[in-house]
1. Relative contact order of the stretch 49-161: what whole-number percent is it, with Cα pairs under 8 angstrom and at least 6 residues apart?
2. Near Val95, within a Cβ-to-Cβ distance under 11 Å, what is the net charge of the other residues, with Lys and Arg +1 and Asp and Glu -1?
3. Using only alpha carbon pairs under 8 Å that are at least six residues apart, calculate the relative contact order of the stretch 43-108 and give it in whole percent.
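Derivation of every value follows stated rules applied to the coordinates shown; laboratory data play no part. Because the structure is a prediction, the values reported are computed rather than measured. Here the Cβ positions follow ideal geometry from the backbone for every residue, glycine too, while neighbour counts run over all protein chains shown.
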Amino acid sequence: MIWGMIPKVLSKSEFHLLQEACLKVVSFCNAKSIKEGICVHSPIIKLGLRHDLLLNNNLLSVYGKCYGIEQARNVFDEMPHKDVVSWTCMLSTYVRNKNPEEALEIFNSMLDSGLCPNEFTLSSVFRSCSALGEVDVGRSLHGYVIKGGFGSNPVLGSALI
C-alpha cells in the first residue's frame, strides 16, 4: 500500500529496509531516548512513510510522552489510518496529563469509529472514570468487560481495584 505512494527512487526491497530501519529507530527512541525520536519525524514524512501505521503509532507515543496532549493530538489528527493502538495511545496521553474528560471523549469517538477497545484501552478508561468519580460509567464499563470476556484479565483486574 505505501510502496505505491513514494517516488520510484528506491527498489521495493530497499524501501522495505528503509521502512524497517525507521521503525526500529522510532521504537528504540520510544523506549530509551524519547526526545531523539522527534528528530525522526521529519525524515519519515520526507521519505513518504507517513502512511505507515506502526511508525505513526510509535511517533504518537513519543509525542505523548515527551510533549503532551497538544503535540500528540496533532500527530493523531494527521494520521491517515488509526487502529486500537492509536486510539489507546491518545487516550492514555490524556489520562497521563490529568485530562480524564477528554480521555472519555476520545474513547467515545473510538467506539463511534467502529473499533473495539482492548484491555489497555479499557484500563485507561477505568482510570478516567475513577479520576472523575464516574461510578455509573465505571459500572457500565465493568459490565462491558464481563460480557466481552475480559473478566479474568489481570490488566483490567488491577484497574478495577
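1. RCO, the stretch 49-161: 20 percent.
2. Around Val95, the surrounding residues sum to +1.
3. 29 percent.
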